[in-house]
Every structure is written in structure tokens, then in C-alpha cells.
Amino acid sequence: MERTPFVSAANISERLALPPELAISTVIFALRPSENSGRPSLWLPLVRRIREPFKGEWALPGGPLTQADSLLDAAARNLQDTTGLAPSYLEQLYAFGGLHRSPSQRVVSIVYWALVQSTEAELARESENVKWFRADGLKALAFDHNEIVDYALWRLRNKMEYGSIAYHLLGETFTLAQVREVYEAVLNRSVDPANFRRQLKQAANIEATEEFLQGGKHRPPRLYRYTGQDDGGHPGHPPSHP
């Protein structure tokens, strides 16, 4: 779709004289069933803009930074206001401040990213202007939000190699197959089940419980839990840009 740029009333010299506006945006990842296969895939909520610039186009949840909020509080409040979500994993991602990312006043966005469990995602508010989309097939978004999502995906895929990041997308207990589904959804490729299961069983921070997942047609699989140190968000320490 060809975009019609929003033309500001201020001329170029007036625009250059204005101080940059500070804003907060958030990328929220969750696993939801694929519409085609029903297998878990990575999704994120977007909001439809109701004013210029880019009126009517989809964008990441966010808004201007006020004098009253810290960066973390502003990110959490914007998420609550737009989606009703209050994720436990909320980490500062990066600052995006390209000179021409907004066609009106220059905007510098402090971007956070969040992970929520699928049960939490099901409780998120949806409306005509707030909907979930597959993370791997987004069309053109407002501003530079496609670039932001791509960077967040890059960060998530890199962090899957260590720590407890995968377990923020699961419940307190899980099957080994469910962990594999997280990796396949995030990495967007198949993982060999036998090798993956063997590696997980050898991992120091995966503990078998005495519980089993009920409700299936076959022998119920055992439930496990993650016992390692949580590597949750560290808002004061944004990562380096790739």
C-alpha cells in the first residue's frame, strides 16, 4: 500500500528548531496457535493509529513519555492501557532516534520488549484498534516499527541460547515437548525432537516433577520445572545494537 506522508503545518526551519519528543514503545511476544496448523507460533499485539501521522496504520503499543513516569513505569502503563497486560518480563531493548523516523516532529523512542505466557495473552484486550499479529509475517507498520520488531526478534532468538528466556513463555510447569515448541516458534524452524529431549534432560536447571499432563489420547507426559536463576528484564542496562 502506497503511503501518503503527513505534512506538518510547521515549515522545515521551525521543525528543526523543535526539541525531539520522547516516546515509549513496547514489543510484546507471546505464543498463540497458528491459524493454519494450530501449532504454537510467535505473535505480538499492535494498535491501529487513530491520528496522524500514519492514521489508520498499525503500530506498536506506546505513547509519549510524561514528566510523571519513569521509563519502566511508562512502558508498563502503556501496555496496561492498550492491552490490559502486565507482563513479569519487561526489559529495555534499545533507543531508536533516526532523524526521519517521524514525518512531523522528531521522535526518539525508548523501546521495551515483553514476554507473556499464552494464558496471559488470551486475557489481553482486543478491539477494532488492538489486535494480535503473527510476528514473522508483518506488513508495513507505521514509523520504523518493522525495524524495531526485527531487532526484538533478533534479541529474542539470541537469548534463546542461554538462560531462562524460553520459560517466560511457558507456565510454572511444562512438558519437554512444550519447551521444544517454544524454540521452534521463536527460531521459526524445526528442532530434532530426540536430540532436543536428550539435551534438556541433561540440563542442570530442568527438574522433573511427580506430575503429568492430563487430557491427551496417549500416555500423559511428565511435567518439568525450571529451577535456575531468573534472567528477567534489567531496565537500567539496555543491550548493545547488533
- Query: Are there any pairs, at least 6 apart or on different chains, whose C-beta atoms fall under 9 Å, with the first in the range 71-91 and on the phi > 0 side of the Ramachandran plot and in contact (Cβ under 8 Å) with a residue 24 or more places away in the chain and the second surrounded by fewer than 17 Cβ atoms within 10 Å (Cβ to Cβ) and of a type in the set (Lys, Arg), and if so, which?
  - Reply: 84/125
- Query: What residue, among those in the range 164-187 that are part of a helix (DSSP H, G or I) and acidic (Asp, Glu), is surrounded by the fewest Cβ atoms within 10 Å (Cβ to Cβ)?
  - Reply: 184
- Task: Take the range 139-158 and flag every residue that is over 13 Å from the mean Cα position of the chain (by Cα), in contact (Cβ under 8 Å) with a residue 60 or more places away in the chain and surrounded by 13 or more Cβ atoms within 10 Å (Cβ to Cβ).
- Result: 141, 142, 143
- Looking across the range 88-123 at residues that are at pLDDT 90 or above and assigned to a loop (DSSP other than H, G, I, E, B), the single one that is surrounded by the most Cβ atoms within 10 Å (Cβ to Cβ) is 116
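The values are calculated or read from the model by the stated rules, or taken from the named source; none is laboratory data. Since the structure is predicted, the reported quantities are computational estimates derived from the model, not experimental observations. Cβ atoms come from the backbone with ideal geometry, glycine included; neighbour counts cover every protein chain shown.
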